[in-house]
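Comments concern the structure below.
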Amino acid sequence: MSFNKNNPNAMGKIMGYLKQLSTEMGGSEQTRRGQGDEERLYRTRGPKYARVPSRTTLSASTTCTSLATSCGSQGTLVPNYAAIPEIVSTESSSEDEQDSFEKTRRHFQQLRQISLGNEFKYKMEMEIKSAKDENLRNSVPFVKQLSTDSNKVKTDYTINGDRQPYNAPAKKRLYLLTQIFAAFAVSMGSMIVGFSSGYTSPALPSMNATLIIGKEENSWIGGIMPLAALVGGVLGGPLIESIGRKLTIMGTAIPFFMGWMLIANANGVGMVLAGRAFCGLCVGVGSLAFPVYLGETIQPEVRGALGLLPTAFGNTGILLAFLIGAYIDWSNLAFCGAALSIPFFLLMIMTPETPRWYVTKGRAEDARKALQWLRGKNVNIEKEMRDLTRSQAESDLVGGNLFRQLFTKKYIPAVLISLGLMFFQQLSGINAVIFYASAIFKSAGSTIDENVSSVIIGVVNFVSTFIATVLIDRLGRKMLLYISSVAMIVTLVTLGSYYYVQKVGVDVSAYGWLPLACLMIYVLGFSIGFGPIPWLMLGEILPSKIRGTAASLATGFNWTCTFIVTKTFLNITEVIHMHGTVWLFSVICLVGLFFVIFYVPETRGKSLEEIEKKLTGGSRRIRNINANKQIQNGC
């Protein structure tokens, strides 16, 4: 083939122009290039790769190379693609022309390799990213591998040092509307729980006037609810694991309605006790399921504030029972409790199941949809979804009986902390104060009417929870527990002293306001710390593998303590008198303060996965397991 600018063949014409340009720049091509550059140009780089020369020349061939340099691709390792087939011509050509054509053709081949290589690399990176996303959704083994690489430096996928816009991480956004709605729906159930707890204080006086009730039956009306809640707490754990958090919570609305209707239409003590038992069963299930649901749906930045919403609504329910009970009798008050179940049921229908429960059941796509609904449709949820699946994969590595795992070395710290918080919450005596508020004020000889005092306590209980909502994400859980413990210790010691001085015959009529003041500060201190935080931390510190079972155990233990305190309060006061009972509660609060100082972790601003790793050392154990496997495979 003849190479000149008048050649009708397109390739030949291009080569002719390039050869002429090279000749005009001076000297023969062989003289300018030198043997060293020739060897470096075609030196092989393994069986699949070749390198573009880094030193430019003014030859026709390196003019092509300069085009690659301007594109920012010179010196890049690229795959060797199939060579461009040589166009065979029947025309005669000289040996120099053939040699020049061969060199120039090879340089065009190099340029083509650079171009195709960049395209190949870009496509490969996109395919890798797509495969990772797909495996993350569908492959547990891949997620397990991610858990071992979580602390490694992530690969920076760039092309020739230029970062691609498609790989830029999305900024984390906080979308609150749907999370507030979910917390509000769950909290309506908590309002019924509070209404059930505060019902006996205003209802018992009017009930005694209508029905024939003895002293022992009075104590059972107050104590049957926590006893039934104990059974509900035990049943709640398997329920939230088998049918889900949402269905379990929504299902409590029906027994709640039935229980209140039994009480409202009761013509004897038996129906009242049956209705209280129904309500207590739902109280036990709900008190377990509410914090677990909110802990798994709300983001760490607002989990403290929104996680206290059920407690705030529970205190609202107590206040409603006190306020309405001051004006209507026990039967109509029970009808009000039944009415609260209807909006609770309707709101729960519109909320989603928790993404974490979907992940435990292998329903990754449902988990993604639920998480997207909670975080907002325009929020990137990939990182949170990846953390969920990784945490579940780590939990799945540990098999065996769940009840036995509760007291293994890995999980026992979290379980004992939960049980300890529940113990000190109830043994502080709060339910005795709420259930028998009117009786306490009457026995203290307070100058303020006992019904008015009960309403004031309910208002303080209501307001203080909102104070805790504002402070919990600023001061942290432990600081509020410190304040709560000190406030309860001081007020219980003071109130016990008042009762003691009254018993020994000292005139305390000038200090008739003191019992109300002490109980107001006591309830305020309890409601900003030991009231809501044990339930909030129940959904935070329990590992996902045992969350349902451990929450069931902690809730059952809580209601066991509640039943003991409520049922025996009147009996204890007969043995060691009121001042001794109050001082006993203060000593328990003091021990609880030291328990918080030495054993309770701070969870403010931490994700559930971070808290779990801190308490169980999960990621370290996973790395050790995989390291042992690699050693065995290597051997």
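The values are calculated or read from the model by the stated rules, or taken from the named source; none is laboratory data. Everything numeric in this text was worked out from a predicted model, so none of it was measured. Please note: Cβ atoms are built from the backbone with ideal geometry, for glycine as well, and neighbour counts cover all protein chains shown. These accessible areas exclude ligands, DNA and RNA; they are computed on the full protein's heavy atoms, side chains included. Shrake-Rupley method; radii C 1.70, N 1.55, O 1.52, S 1.80 Å.
Any idea of the accessible area per residue across segment 209-302, 1.4 Å probe, to the nearest Å²?
On the way: 3160 Å² over 94 residues.
Value for segment 209-302: 34 Å² per residue.
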Practice item. Could you please report the charge total around Asp473, scoring K, R as +1 and D, E as -1 over all other residues with beta-carbon less than 9 angstrom from its beta-carbon? Key: +2
Point to revise | Distance in nm between pseudo-label sites at Trp513 and Met479 (7 Å out along the Cβ direction from Cα) | key: 3.1
Review point. Given the pairs Lys503/Lys567; Lys383/Lys606; Lys410/Lys614; Lys361/Lys613, which span a C-alpha to C-alpha distance of over 19 angstrom in this model?
Key: Lys503/Lys567; Lys361/Lys613
Practice item. Give the residues of segment 311-352 whose amide nitrogen is closer than 17 Å to a point set 7 Å from the Cα of Asn378 in the direction of its Cβ. Key: none
Review point. Going by average Cβ neighbours within 10 Å, how do the peptides 205-213, 471-479 rank, with the highest at the top?
Key: 471-479, 205-213
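What does the net charge come to around Ala203 if you take all other residues with beta carbon closer than 11 Å to its beta carbon, with K and R at +1 and D and E at -1?
Working: positive: Arg276; negative: Asp329.
So the surrounding residues net to 0.
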Point to revise | Table column - 3J(HN,Hα) (Hz), segment 552-558, Karplus curve with 6.51, -1.76, 1.60, x for Gly and Pro | key: 4, 5, 5, 5, x, 5, 4
Check your understanding: For segment 229-377, which whole percent of the accessible surface, found with a 1.4 angstrom probe, sits on carbon and sulfur atoms?
Key -> 72
Review point. Using the per-residue mean of other Cβ atoms lying within 10 Å as a proxy for protection, in what order, highest first, do the peptides 288-298, 223-233, 259-269 fall?
Key: 288-298, 223-233, 259-269
Review point. Among 376-383, 545-552, 180-187, 240-247, how do they line up from the highest to the lowest mean number of other beta-carbon atoms within 10 Å?
Key: 545-552, 180-187, 240-247, 376-383
**Study point:** Cut-off 12 Å (backbone N to label point 7 Å along Cα→Cβ of Val504), residues of segment 550-592
**Key:** none
Check your understanding: Can you give the FRET efficiency for His577 and Asn332, using 1/(1 + (r/R0)^6), R0 = 25 Å, r = Cβ-Cβ distance, to the nearest 0.05?
Key -> 0.10
Revision key, fill the gap. For Lys215 and Glu301, extending 7 Å from Cα along the Cα-Cβ vector and measuring point to point gives, in nm, a value of 5.8
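Let me know the charge dipole size of segment 314-410 about its Cα centre in debye, to the nearest 20, where only the beta-carbon of Lys, Arg (+1) and Asp, Glu (-1) is charged.
Details: 13 positive and 9 negative charges, 98 e Å.
Around 480 debye, computed over segment 314-410.
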Point to revise | Paramagnetic reach from Phe184 in segment 319-347 [backbone N under 12 Å; point 7 Å along Cα→Cβ] | key: 347
